[in-house]
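Below: the structure, in structure tokens.
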């Protein structure tokens, strides 16, 4: 090393204990956040929906992203806030028109995501009987503030031998709500990358959320999230993403 050649001894870094810091989301400002809908067979079955023949995607915004230990907000505009634990794939190199056999070469790593959903906004025709025939409201139903917890860190692709053989689970207040394997994906990671890159340039830092397993509140009848809950999403080989749930404060009236 240069310092040693000059007769200097390098200083040993002591680092910082992880329990002394608050981790931010591993990706803060992606160009794109792309989420696969109904991409687990069991999740399709619980909502009586046939798996899509081709991957089906919606999007979120960077304003949705929060990190480990950051609060999931119960917004004033929704009373049905749901969870969806997911494996998130982070793109590492710019790519377009990628073949499935080459897709994994463009993955930087993986992290844990929670696709927070507002069911009374996502499916307004069911909530109000309005007769809206345009389908789900993806923006208001999926992309409010704090709707995409991400973390606790990024695990590089060389540490995950096969993203299709990972256990994934989610608890609310210690009660297991989701438990599955990524083997149950309808469209595996490599196929999702191939499909998205067919006409879309994927950039470093872009996030692909790969869908959620069965066990969400909307289709099981268990209570939706409420103020004071603790949500933990865990993926084998990556870690646990923990988020408290807080009711959004109402604005104070001006004097």
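The values are calculated or read from the model by the stated rules, or taken from the named source; none is laboratory data. Because the structure is predicted, anything quoted here is derived from the model rather than measured. Here the Cβ positions follow ideal geometry from the backbone for every residue, glycine too, while neighbour counts run over all protein chains shown.
Structure summary
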read-out	value
Filter result (surrounded by fewer than 16 Cβ atoms within 10 Å (Cβ to Cβ) and within 13 Å of the chain's Cα centre (by Cα)) within the range 191-243	240
Verdict on residue 90 being at pLDDT 95 or above and not in a loop (DSSP other than H, G, I, E, B)	yes
Lone unmet requirement of (1) more than 15 Å from the chain's Cα centre (by Cα); (2) in contact (Cβ under 8 Å) with a residue 40 or more places away in the chain; (3) closer than 21 Å to residue 191 by Cβ; (4) not in a strand (DSSP E or B) for residue 50	(2)
Given (1) surrounded by fewer than 15 Cβ atoms within 10 Å (Cβ to Cβ); (2) touching a helix residue (DSSP H, G or I) at 6+ places or on another chain (Cβ under 7 Å); (3) at pLDDT 95 or above, number of the condition residue 50 does not satisfy	(3)
Criterion violated by residue 176 - all others in (1) in contact with a strand residue (DSSP E or B) (Cβ under 8 Å, 6 or more places away or on another chain); (2) buried (at least 16 other Cβ atoms within 10 Å of the Cβ) satisfied	(2)
